[in-house]
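Trainee: Before we start, here is the structure in question, set down as structure tokens.
The values are calculated or read from the model by the stated rules, or taken from the named source; none is laboratory data. This is a predicted model, so every value here is computed, not measured. Note that each Cβ is placed from the backbone with ideal geometry, even for glycine, and that neighbours are counted across all protein chains shown.
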Amino acid sequence: MFPKARQAIKHLVADGRYSYLETGSLISIKKNVKDILIPSEEMRIQVYPMDYEEFCDATGSNYELLRQIYNSGTAIGQATNRKLMRDLRIYMAVGGMPQAVEAYVDRKNFSEIDMIKRQIISLYEEDFKKIDDSGRISALYHSIPAQLARDTRKYRITTAIGKKNNTKAEELLYELIDSKTVLPCYNSTNPRVSLTNTKDFGSYKLYLSDTGLFVTLLFIDRPITENNLYAKLLSDKLPANLGYLYENLVAQMMASSGRELFYHTWEKPGSTHYYEVDFLISEGSKVNAFEIKSSGTGKHESIKEFSKKFSQNVKQIYLISQKDVGKEENLLLKPFYFIPFLV
């Protein structure tokens, strides 16, 4: 908010008596640069919402025990798995925004926590209007849960804001991505070569950078997201078609580990349908593939076909669900709370 103070950092650092920490939203930092020189002394640090380890530390949960359970490589057991999944769903409900986490630690109820998250979303929207006062960036942001719900191959700008100037719309989308409030997941057109080098900039999905905000945005049309809705989430009684909420969780966990997000789709032979693998990450010269199931392990045709098609390029294939550790041939079954250790 004070660009001249930012410019003065150069001289303050040269003075040598103090170190300085500057903070601000990326949008404000980018916009408030008129008539100032950006100091070369600045070292930029990307800050993410609190990851699951940080959340556990803040709320008193034993993350190290979770690490030990993972390292043991053995089955967890139904009762323990249920408890660990419920702990993780608390993280999904609250999210990693420090104000929301603090409210949870202070034993605020979920309606109060939801109000805090709504205030954060409102601040985002105010920032978006600094770039484009038409509200189109907010429309792009608000459209994310609905587009994931449709289970389409990619995010569509026109679905969010209609068929207007495509060039301008793409600029607004890049501004949204640049704000770090969302996580882009790009379609890798040929995982045999390189995920980064085969990134399709015209085919991508968008997730929210914080799953707690995602929960609030899902029900933003209501005056306040009621405690009973959060109770349903915590007891795993939300409708089955909200599986993309778990996709967002995995996207956030992968991104907070420093991973760029990729997925892959390809046509089913002789059909109008297609196969899709939800997430891909590089490991050395090979890739690990992840299929996400919100509840049971169910059918998993896509990941099996992916493993066959790219057998020379795949290191591990994972089915991530709420179920215990297991294995089906070369497919490794893992619960959601193990994602930080897999990436």
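Trainee: Restricting attention to region 27-65, and to residues there that are over 19 Å from Gly95 (Cβ atoms) and not in a loop (DSSP other than H, G, I, E, B), which single residue is nearest to the chain's Cα centre (by Cα)?
Mentor: Across region 27-65, the extreme among qualifying residues is Ile27.
Trainee: Another question about this same structure. Listed residues Asp57, Asp87; which is among the acidic types (Asp, Glu), within 26 Å of Leu208 (Cβ to Cβ) and touching a residue at least 60 places away in the same chain (Cβ under 8 Å)?
Mentor: Among Asp57, Asp87, only Asp87 is among the acidic types (Asp, Glu), within 26 Å of Leu208 (Cβ to Cβ) and touching a residue at least 60 places away in the same chain (Cβ under 8 Å).
Trainee: Which residue, of Ile69, Ile27, is free of Cβ contacts under 8 Å to residues at least 24 places away in the same chain and surrounded by 13 or more Cβ atoms within 10 Å (Cβ to Cβ)?
Mentor: Being free of Cβ contacts under 8 Å to residues at least 24 places away in the same chain and surrounded by 13 or more Cβ atoms within 10 Å (Cβ to Cβ) holds for just one of Ile69, Ile27, which is Ile69.
Trainee: Further question on the same structure: Quick one: in region 317-333, which of the residues that are out of contact with any Leu (no Cβ under 7 Å at 6 or more places or on another chain) and outside any strand (DSSP E or B) is nearest to Leu245 (Cα to Cα)?
Mentor: Checking each candidate, the answer is Gln322.
Trainee: Any residue at all in region 212-224 that's touching a Phe, Trp or Tyr at 6+ places or on another chain (Cβ under 8 Å) and either at pLDDT below 80 or exposed (fewer than 14 other Cβ atoms within 10 Å of the Cβ) (or both)?
Mentor: no
Trainee: Read through the list (1) more than 19 Å from Ala255 (Cα to Cα); (2) crowded, with 19+ Cβ neighbours inside 10 Å, then give the number of the only condition that Ile292 fails.
Mentor: (1)
Trainee: Any chance you could count how many residues in region 91-108 are surrounded by fewer than 17 Cβ atoms within 10 Å (Cβ to Cβ) and part of a helix (DSSP H, G or I)?
Mentor: Total satisfying the criteria: 4.
Trainee: For region 288-306, give me the residue count where each residue is out of contact with any Asp or Glu (no Cβ under 7 Å at 6 or more places or on another chain) and at pLDDT 95 or above.
Mentor: Final tally of qualifying residues: 2.
Trainee: Sticking with this one: Within region 75-92, does at least one residue satisfy the condition of being at pLDDT below 95 and farther than 28 Å from Ser295 by Cα?
Mentor: No; the residues of region 75-92 include none that is at pLDDT below 95 and farther than 28 Å from Ser295 by Cα.
Trainee: Could you grab the pairs with beta carbons closer than 7 Å, sequence gap of 6+ or different chains, first residue in region 142-161 and assigned to a loop (DSSP other than H, G, I, E, B), second one basic (Lys, Arg) and buried (at least 18 other Cβ atoms within 10 Å of the Cβ)?
Mentor: Lys154/Lys205; Tyr155/Lys205
Trainee: Answer with yes or no whether Thr158 is more than 18 Å from the chain's Cα centre (by Cα), among the hydroxyl-bearing types (Ser, Thr, Tyr) and surrounded by fewer than 14 Cβ atoms within 10 Å (Cβ to Cβ).
Mentor: yes
Trainee: Let me ask something else about it. Report whether or not Phe336 is surrounded by fewer than 16 Cβ atoms within 10 Å (Cβ to Cβ) and at pLDDT 95 or above.
Mentor: It is false that Phe336 is surrounded by fewer than 16 Cβ atoms within 10 Å (Cβ to Cβ) and at pLDDT 95 or above.
Trainee: Among the residues of region 279-304, write down those that are in a strand (DSSP E or B) and over 22 Å from the mean Cα position of the chain (by Cα).
Mentor: Within region 279-304, Lys286 is the sole residue that qualifies.
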